Structure formats: structure tokens, C-alpha cells
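Q: Below you'll find the structure I mean.
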Amino acid sequence: NNRISRFRTTDGSFISSFGLNVPLQCPQGVCVDGADNIFVTDTNSGCVRKFRICADNSNGHDNEDGVALVGVFSSTGLDSPSGVCVAPDGSLFLTDAKSCSVQEFRGSGDERG
């Protein structure tokens, strides 16, 4: 259904879903950093999308069920991103299923080797 669903960790009850307004094309990996940013690998789009939980649309971005798209990470070497994690220094690590590689992006979004 090409969206991300949020559930409560206490009882597993559904909170909301998002990603229909973007639209996501085969989301696979999800990671949340210490600032509550949500990173989603959008495999068929060849990128990672960064979302932020927000109460309203005051940040100027489309808001869907309390979640807004605030950034996109992509590179020419990113074909089918599948996994994502954030390091303590804010670097973003991505696994790419098609190119069998791992890429690192700095907190600024710049690709690093």
C-alpha cells in the first residue's frame, strides 16, 4: 500500500499512516533518529525520504496525519535503497540491494564514499 503506519509501542494500537501524499514507491527500511526524524528508504524511487512529526503545517511542507516530508537523500549510485540507519554523529547509512553497496551521507545530506 506504499505508506508507513505508526503504532503505539505500549499496546500495538494503530496511530496513523503517512506516505500517500509523497507518494512512496515500495518503502522498505525505516529508522528514527534522536530528533524524531523518520527516514524511509523509497526503493523504487532510488532515494531516502526524511519526515518529521509535526502538529500543523506551519513548517511550510505538506502535512499528512501529523507527519511532513522535510528532505530527500539521493545520489547517482543509489539504485534500490533497502536499509537505513542513523549513526550517533548524525551520519545516515544506506544499504542498496541492487548495487550491493553501503553508502554514508553526512548529517548535511552530502554523500561520503
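Q: Kindly indicate whether Val30 is of a type outside the set (Ser, Thr, Tyr), crowded, with 17+ Cβ neighbours inside 10 Å and either modelled with pLDDT of 90 or more or at positive phi (or both).
A: No: the conditions fail for Val30.
Q: Which condition breaks for Glu64 when tested against (1) charged (D, E, K, R); (2) open to solvent by 30 Å² or more (accessible area, probe 1.4 Å); (3) modelled with pLDDT under 80?
A: Only one criterion in (1) charged (D, E, K, R); (2) open to solvent by 30 Å² or more (accessible area, probe 1.4 Å); (3) modelled with pLDDT under 80 is unmet by Glu64, namely (2).
Q: Scan (1) over 14 Å from Leu78 (Cβ atoms); (2) part of a strand (DSSP E or B) for the single condition Gln28 breaks and write down its number.
A: With (1) over 14 Å from Leu78 (Cβ atoms); (2) part of a strand (DSSP E or B) applied to Gln28, the lone miss is (1).
Q: Here's another thing I want to ask about it. So how many residues does region 84-99 have that are closer than 15 Å to Gly46 by Cβ and either open to solvent by 20 Å² or more (accessible area, probe 1.4 Å) or in contact with a helix residue (DSSP H, G or I) (Cβ under 6 Å, 6 or more places away or on another chain) (or both)?
A: Residues flagged as closer than 15 Å to Gly46 by Cβ and either open to solvent by 20 Å² or more (accessible area, probe 1.4 Å) or in contact with a helix residue (DSSP H, G or I) (Cβ under 6 Å, 6 or more places away or on another chain) (or both) within region 84-99 amount to 5.
Q: What number of residues within region 1-14 are assigned to a strand (DSSP E or B) and open to solvent by 70 Å² or more (accessible area, probe 1.4 Å)?
A: Of the residues in region 1-14, 2 are assigned to a strand (DSSP E or B) and open to solvent by 70 Å² or more (accessible area, probe 1.4 Å).
The values are calculated or read from the model by the stated rules, or taken from the named source; none is laboratory data. Source: prediction; values computed, not measured. Note that each Cβ is placed from the backbone with ideal geometry, even for glycine, and that neighbours are counted across all protein chains shown. For the accessible areas, the whole protein counts, side chains as well, though only heavy atoms, and no ligand, DNA or RNA atoms are used. Shrake-Rupley method; radii C 1.70, N 1.55, O 1.52, S 1.80 Å.
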